[in-house]
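For reference, the structure is listed below as structure tokens.
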Amino acid sequence: MTNPYESSKLLEEYLLFHYGKDQEIMPWVNGPKDALGFTGRTVESLMKPSPYDLKLKALDVGCAVGGSSFILGKYFGNVLGMDYSESFINVANRLTSGKPLKFSYLIEGDYYENATVAPPSYKGEICFEVGDASDLPEDLSDFDLVHAANLICRLPNPLSFLNRLPKLVKHGGQLLLATPFTWLEEFTPRANWIGGSGNSKEKLEEVLNPWFELEHEEDLPFLIREHQRKFQYSFSWGTRWRRK
Ligand SMILES: C[S@@+](CC[C@H](N)C(=O)[O-])C[C@H]1O[C@@H](n2cnc3c(N)ncnc32)[C@H](O)[C@@H]1O
């Protein structure tokens with residue numbers, strides 16, 4: 001199966017989703033503006049902030065084109081953004097060069113509008129790597145914070161990723177997890193859906209509880225624009241967990 005996250009359609013949609021101006025994403029006055037700025041909210045609304053420290057390190061798994069990773073870069077001296085999609089990681093890396101990035105987004109049919117992403121500002125080191133959340137390098141461990149937004153229902157075996165989290169987050173560290181539980185067989189075999197035939201929230205808590213304490217939860221609306229008259233409007237279950 002070809003990876004949909006390598007397509008130019010999803011690259012444009014994610015550049016707009018992560019870096020587009022509010023007016024570019026949602027041009028309708030009566031549209032749901034509370035769903036904008038999702039990649040910032042999964043960090044800043046969920047995280048318990050600590051003073052900036054060059055030594056603190058954060059991991060953003062399934063970072064796509066890097067919107068949340070750059071937000072983490074305001075708080076952590078060292079940020080690693082990782083995603084399975086080479087085309088997403090390529091553009092995220094280009095944004096670390098300090099140069100603006102031009103892209104276009106769909107108005108309708110074959111009609112596109114040009115847009116520019118200004119280079120995001122951050123303080124310490126940010127790097128982006130292609131990597132598989134289901135097969136993370138052994139030496140990846142002990143992060144002060146791990147962020148995984150809208151990732152688990154895109155994995156073939158979410159449970160194996162969840163089981164890797166205790167090693168990934170250091171004791172006392174934070175795990176920011178957001179998921180809309182959009183289970184689809186195209187990504188995850190039905191047998192691997194977390195609580196797919198019951199309550200996904202309860203099942204997720206059951207899996208994480210031996211290692212993490214749930215400190216905060218909130219529903220985070222988000223909006224992915226397909227074209228000027230079509231949007232995906234979803235609610236992610238946003239959570240902050242403390243590594244025991
Ligand atoms: C629904 S998007 C969410 C992206 C981003 N975190 C956000 O909140 O906008 C899912 C992301 O997970 C990535 N992904 C899918 N499978 C992955 C895997 N096995 N390892 C790492 N990333 C993966 C996709 O390439 C895509 O960027």
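Within region 38-49, the set of residues being among the small types (Gly, Ala, Ser) and either crowded, with 18+ Cβ neighbours inside 10 Å or in contact with a strand residue (DSSP E or B) (Cβ under 9 Å, 6 or more places away or on another chain) (or both) comprises 45 only.
Does residue 237 count as surrounded by 15 or more Cβ atoms within 10 Å (Cβ to Cβ), under 16 Å from the mean Cα position of the chain (by Cα) and aromatic (Phe, Trp, Tyr)? So residue 237 fits the description; yes. The criterion of at least 1 residues that are within 11 Å of the ligand (Cβ to nearest atom) and more than 20 Å from residue 169 (Cα to Cα) is met by the following helices (runs of 4 or more DSSP H) wholly inside region 4-75: 8-19, 38-44, 67-72.
When the strands (runs of 3 or more DSSP E) confined to region 144-244 are screened for residues that are of a type in the set (Phe, Trp, Tyr), those reaching at least 1 such residues are found at 212-227, 230-243.
Among the residues making up region 139-166, those that are under 22 Å from residue 74 (Cα atoms) and over 13 Å from the mean Cα position of the chain (by Cα) are 140, 141, 142, 143, 144, 145.
Of the residues making up region 83-138, those that are closer than 19 Å to residue 20 by Cβ, part of a strand (DSSP E or B) and more than 16 Å from the ligand (Cβ to nearest atom) number 12.
Inspect all residues belonging to region 143-154 and state whether any of them is away from the ligand (no atom under 14 Å from the Cβ) and among the aromatic types (Phe, Trp, Tyr). Looking for residues that are away from the ligand (no atom under 14 Å from the Cβ) and among the aromatic types (Phe, Trp, Tyr), one finds at least one in region 143-154, hence yes. Looking only at residues in region 201-225 that are within 16 Å of the ligand (Cβ to nearest atom) and surrounded by 15 or more Cβ atoms within 10 Å (Cβ to Cβ), the one that is farthest from residue 163 (Cα to Cα) is 225. Looking across region 162-189, the residues that are loosely packed, with under 13 Cβ neighbours inside 10 Å and of a type outside the set (Gly, Ala, Ser) come down to 171, 184, 185, 186, 189.
Results for (1) over 22 Å from residue 226 (Cα atoms); (2) surrounded by 14 or more Cβ atoms within 10 Å (Cβ to Cβ), shown as yes or no for each residue.
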position: 78; (1), (2): yes, yes
position: 82; (1), (2): yes, yes
position: 88; (1), (2): no, yes
position: 95; (1), (2): yes, yes
position: 102; (1), (2): no, no
position: 114; (1), (2): no, no
position: 119; (1), (2): yes, yes
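Of the numbered criteria (1) surrounded by 15 or more Cβ atoms within 10 Å (Cβ to Cβ); (2) at pLDDT 95 or above; (3) more than 14 Å from the ligand (Cβ to nearest atom); (4) over 17 Å from residue 61 (Cα atoms), the one residue 192 fails is (3).
The values are calculated or read from the model by the stated rules, or taken from the named source; none is laboratory data. Please read all numbers here as calculations on a predicted model, not as lab measurements. Note that each Cβ is placed from the backbone with ideal geometry, even for glycine, and that neighbours are counted across all protein chains shown.
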